[in-house]
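In what follows, a structure is listed as structure tokens, so that the remarks can point back to it.
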């Protein structure tokens, strides 16, 4: 059964996040609030956990998993970033944006897109999510917590626990999230391409 942690959204309790980080290190999946919705996360280096994450969501290998990073420097370790892309990322992080970038060799093949070798990557603007990444000591694979065959993400920690207590190692209840998806921007081309419109004002990034 999953553990249930009630965490303050502005002042996350380090002791609870450390426990959740250990559960990730032990191969578990953890539900965590972010600046877009609740997500399910696993360690990047854990293949069985990645497979379990995909099963929980009913996803195939062509669905981009998103890598949650602590900061811009960490993005540069897992994605190939040129000067133009770096300036754009610096403008946009942290925030409700997901970027499609070419993955480096540090990214396991099971996480990147099988044909394009790209990765979805972002720095969430949410204190609990960032504290969990810090506690885990590594970027985390993530996917929005949308039940299989449904369209809307779950937004209540207790409801997530009631539904997934046997599939998750922990639920971090930090209160309700914004419940709007990130905007997805593909940065692999000559200019940024909007793949999905969500949160964030595109005009602040010089885009329509």
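The values are calculated or read from the model by the stated rules, or taken from the named source; none is laboratory data. These figures come from a predicted structure and were not determined experimentally. In this analysis, Cβ positions are derived from the backbone assuming ideal geometry, glycine residues included, and neighbour counts consider all displayed protein chains.
Numbers for the structure displayed
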| read-out | value |
| --- | --- |
| Given (1) in contact with a strand residue (DSSP E or B) (Cβ under 6 Å, 6 or more places away or on another chain); (2) without any contact (Cβ under 8 Å) to a residue 12 or more places away in the chain, number of the condition residue 82 does not satisfy | (1) |
| Pairs with Cβ under 8 Å, 6+ apart, first in the stretch 188-208 and within 14 Å of residue 87 (Cβ to Cβ), second at pLDDT below 90 | 192/205; 192/207 |
| Selection status of residue 153, part of a loop (DSSP other than H, G, I, E, B) and either more than 16 Å from the chain's Cα centre (by Cα) or at pLDDT 95 or above (or both) | no |
| Boolean, residue 124 is within 20 Å of residue 7 (Cβ to Cβ), buried (at least 18 other Cβ atoms within 10 Å of the Cβ), touching a strand residue (DSSP E or B) at 6+ places or on another chain (Cβ under 9 Å) and in contact (Cβ under 8 Å) with a residue 24 or more places away in the chain | yes |
| Qualifying position, being surrounded by 13 or more Cβ atoms within 10 Å (Cβ to Cβ), in contact with a strand residue (DSSP E or B) (Cβ under 9 Å, 6 or more places away or on another chain) and not in a strand (DSSP E or B), among 67, 16 | 16 |
| Condition met for residue 203 (in a loop (DSSP other than H, G, I, E, B) and either surrounded by fewer than 18 Cβ atoms within 10 Å (Cβ to Cβ) or within 16 Å of the chain's Cα centre (by Cα) (or both)) | no |
| Matching entry among 142, 191 (being in a loop (DSSP other than H, G, I, E, B) and within 20 Å of residue 75 (Cα to Cα)) | 191 |
| Number of positions in the stretch 19-56 that are surrounded by fewer than 24 Cβ atoms within 10 Å (Cβ to Cβ), more than 14 Å from the chain's Cα centre (by Cα) and not in a loop (DSSP other than H, G, I, E, B) | 12 |
| Residues being assigned to a loop (DSSP other than H, G, I, E, B) and under 15 Å from residue 34 (Cα atoms) - total across the stretch 162-185 | 9 |
| Positions within the stretch 86-96 being farther than 20 Å from residue 131 by Cβ and in contact with a strand residue (DSSP E or B) (Cβ under 7 Å, 6 or more places away or on another chain), in sequence order | 89 |
| Pair list, Cβ under 6 Å, 6 or more apart: the stretch 144-157 residue under 21 Å from residue 7 (Cα atoms), other residue modelled with pLDDT under 90 and surrounded by fewer than 16 Cβ atoms within 10 Å (Cβ to Cβ) | 155/179 |
| Number of positions in the stretch 80-112 that are in a strand (DSSP E or B) and crowded, with 20+ Cβ neighbours inside 10 Å | 6 |
